[in-house]
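I have placed the structure first, in the form of structure tokens, so that the comments after it can refer back to it.
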Amino acid sequence: MNIQETLKEVITKGIQEIYNVSINTVEFQATRKDFDGDITVVVFPFLKVIKGNPVEIGNKLGAYITEKVTDAKGFNVVKGFLNIILNDGYFLNHFYSIYPLQNFGFEKPNPIEKSVMVEYSSPNTNKPLHLGHIRNNLLGYSVSEIIKASGKKVYKTQIINDRGIHICKSMLAYKKFGQGETPESSHLKGDKLVGNYYVKFDQEYKKEILSLMAKGLSEDQAKKQAPLLLEAQEMLQKWEAGDTTVVTLWKTMNQWVYDGFEQTYKALGVNFDKNYYESNTYLLGKDVVADGLQKGVFFKKDDGSVWIDLTDEGLDEKIVLRSDGTAVYMTQDIGTAIQRIKDYPDVGGLVYTVGNEQDYHFKVLFLILKKLGFEWAGNLYHLSYGMVDLPSGKMKSREGTVVDADDLLLDMTTTAREISEDLGKLEGYTDAEKKTLYKTIGLGALKYHILKVDPKKRILFDPKESIDFNGNTGPFIQYTYARIQSILRKADFEYDSTVVSINLHEKEKLVLKQLALFPETIQLAAENYSPAIIANYTYDLVKEYNSFYQSIPILGCGQLEEKIFRVQLSKKTSEVIKSAFQILGIEVPERM
RNA sequence: GGUGGCAUAGCUCAGCUGGAUAGAGCACCUGCCUUCUAAGCAGGCGGUCCUAGGUUCGAAUCCUAGUGCCAUCACCA
């Protein structure tokens, strides 16, 4: 039983004995640093059943607790706060209960719990990945790992948007202007090459619009009648009809893009258990809609289009099937969700990592699935995150105002190299080791920078201002890890024994307390789908550790038992740093 | 206009189910490398927690109204 439960029992009993009233909750909080004590009981809520002065009640309770609870050695009362001071033995016991654990804080997959499928990335195959995708990928990957660590099996997936008018646009531009260019001939990454033609299409299309407008058409007319657009639409029809030439080109260009994406994913350190392709799923869902129409979940309008009426839920009517019987995005998403549960019957819930511009779409999707009566429909979550904007505003691929993912990753590595070379601490490292390290640090800086922010908040990214490597940053935490590794390398004595008879230093206690919070932090982060909670926890841990590190000697400590304990404490701290960063998708270096 | 999100130090952000004097980092200023890695530590400066009401012993946190920014409301994705 943990100390909080023990205290709750004792307090309940104490209040019964002293005041002859019963209470059912006790409010605890960690004692603030500027007060003496370890755990605090808030007395105010008791005033509802006990009339009296909170300080007096606090004193009586404090005395009762110190008498009954062996781990409590003293107390003080400030206003209505009863601060309880615990014995060092309590902290040491707790430490040795977690010290030997391999994956402290991680819950083993619970066989009773249903698995979760997390979708993230889900790119279009007509342009390269940019900073917005990076946020998506980092969030999706990390949330997957966090849920896993919280005790559920997780499948990572993406749906690749490999068909549609936008794909035809780059295909058409390539056909017209490509002159047989390939990634090999141009030495371009495949996704970059294809992206160039997407931009090219837009440029040529705009020219056509202008010339049509010069001939007297309105802007709207010109946009609809531009020959390039008509041709792209025609291409889409041919694709849907299975036209060999179009499909061959589509396959070729998509493969280029996949190869390019694969490189970027690898560089980012993300992966997937299962890929879905829109070209396979876009027709799914139609049967379900027909079914739902029979059941009366949907209704048909005179023109044959099928809708759902969500006005009762405060939303609008939403189309689920066009009048010509073709599927819209929603149709597909309904079908894909059902398909996923079919493919993975152990999955009991889905998480969609998609930007907050699609909040409405997912609200509707979830409602529809619920109305269709799927029992898992209550376990759908839209991991909605804020946009990554530039000082100039939104990133737009067609206008070239994007921060390219590959470029950014390279920049981060370069910065890491420059800083490392300046500091010059890598004597004895081979060039290959250094290269790996620069990547670890650069990537760590970027990932931490993005993940430490609450997902729902938008991020303003200024390419001119470099991402920090000092303060509340990834490299700072990695650095602390590396410092501890250095200590462990130098600790050339046995430090396996259990230490019992030492007086804990205040700084040691602070580190211990923070370590103890790791398991509940993982659960909290999983419940909130928030890597930011893990990031902030880790930062707090590292701050406490550094303060300890710098104010008392570890290896230089003359007293053997204390020295052993300090090494053990350091070791455990580094393990937790590593675990926490692992679920953020960030690596830690042995030296830096 | 309807709906949703966000608003905390000059800048970037924490602040768990309401609790003590609202916390970090960056920037600026002071100290600390002949002792375990100074990508660090210790300290200083800096706040009408958007505004106005309300609930409460107690509100940055909950409720209402307003303001600002963003998103969304298509037989688009």
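The values are calculated or read from the model by the stated rules, or taken from the named source; none is laboratory data. Remember, predicted model here, so these are calculated numbers, not experimental data. Cβ coordinates were reconstructed from backbone atoms using ideal geometry, including for glycine residues, and neighbour counts include every protein chain displayed. We work out accessible area using only protein heavy atoms, side chains counted, and drop any ligands, DNA or RNA first. Shrake-Rupley method; radii C 1.70, N 1.55, O 1.52, S 1.80 Å.
Some observations on this one:
- Calculated FRET efficiency for the pair A:ALA267/A:LEU488, C-beta based, R₀ 30 Å, to 0.05: 0.50
- Dipole magnitude of the range A:177-301, debye to nearest 20 (Cβ charges: Lys/Arg +1, Asp/Glu -1, about Cα centre): 380 debye
- Gain in span if fully extended, A:GLN102 to A:ASP34, counting 0.36 nm per residue against the direct Cα distance: 21.1 nm
- Whole-percent carbon and sulfur share, accessible surface of the range A:3-86, 1.4 Å: 50 percent
- Computed from label points 7 Å out along Cα-Cβ, the spacing between A:ILE502 and A:PHE177 is 6.9 nm.
- FRET efficiency, A:LYS206 to A:LYS114 (Cβ-Cβ, R0 51 Å, nearest 0.05): 0.55
- Annotation: Cα Rg of chain A relative to the compact-globule expectation 2.2 N^0.38 Å equals 1.20.
- Heavy-atom accessible area with a 1.4 Å probe sorts A:ASP431, A:ASP259, A:ASP346, largest first, into A:ASP431, A:ASP259, A:ASP346.
- Cα coordinate range in the range A:39-159, projected on the principal axes (Å, largest first): 71, 36, 30
- Where labels lie 7 Å past Cα in the beta-carbon direction, separation of A:GLU357 and A:LYS73 in nm: 6.0 nm
- Per-residue extension of 0.36 nm, minus the Cα-Cα distance of A:THR248 and A:LYS456, leaves a gain of 70.8 nm for this segment.
- Computed over chain A, relative contact order equals 14 percent, with contacts defined as Cα pairs under 8 Å that lie 6+ residues apart.
- With all protein chains modelled, accessible area of A:PHE366 [1.4 Å, Å²]: 30 Å²
- For A:LYS435, the lysines whose Cα comes closer than 19 Å to its Cα, not counting residues fewer than 8 places off in the same chain, are A:LYS266, A:LYS425, A:LYS447.
- Environment charge at A:LEU139 (Cβ cut-off 14 Å; Lys +1, Arg +1, Asp -1, Glu -1): +4
- Taking 7 Å steps out from each Cα toward its Cβ at A:THR401 and A:SER466 produces label points 2.6 nm apart.
- Relative contact order, whole percent, for the range A:164-277 stands at 35, derived from Cα pairs under 8 Å and 6 or more residues apart.
- Counting Lys and Arg as +1 and Asp and Glu as -1 over every other residue whose Cβ lies under 11 Å from the Cβ of A:GLY428, the net charge comes to +1.
- Flagged links, alpha-carbon separation over 21 Å, of A:LYS456/A:LYS572; A:LYS169/A:LYS189; A:LYS152/A:LYS342; A:LYS169/A:LYS207: A:LYS456/A:LYS572
- A:THR326/A:SER392 FRET efficiency (R0 41 Å; Cβ-Cβ; nearest 0.05): 0.65
- On the principal axes of its alpha-carbon atoms, the range A:274-397 has extents of 50, 37, 31 Å, going from largest to smallest.
- For the peptides A:222-229, A:188-195, A:305-312, the ranking by packing is A:188-195, A:222-229, A:305-312, with the highest mean count of neighbouring Cβ atoms within 10 Å listed first.
- Accessible area per residue, Å², chain A with all protein chains present, probe 1.4 Å: 48 Å²
- Distant-in-sequence amide contacts of A:HIS382, defined by a placed amide H-H separation under 5 Å and a gap of 5 or more residues or a different chain, comprise A:TYR352.
- Alpha-carbon Debye profile of the range A:3-86, log10 I(q)/I(0) at 0.16, 0.20, 0.22 Å⁻¹: -0.51, -0.82, -1.01
- Counting lysine pairs in the range A:3-86 whose alpha carbons fall under 26 angstrom apart, excluding pairs fewer than 8 residues apart on the same chain, gives 27.
- Nearest 10 degrees, 0 to 90: helix A:3-19 Cα axis against chain A principal axis: 60 degrees
- Based on the reciprocal of the average 1/r between different C-alpha atoms, the Kirkwood radius for the range A:164-277 equals 15.5 Å.
- Accessible carbon and sulfur surface of the range A:226-342 relative to its total accessible area, %, 1.4 Å: 47 percent
- Given their separation in residues at 0.36 nm each and the Cα-Cα distance between them, A:THR66 and A:GLN16 gain 16.3 nm when the chain is fully extended.
- Electrostatic tally near A:PRO391: other residues with Cβ closer than 12 Å to its Cβ, Lys and Arg +1, Asp and Glu -1, net -1.
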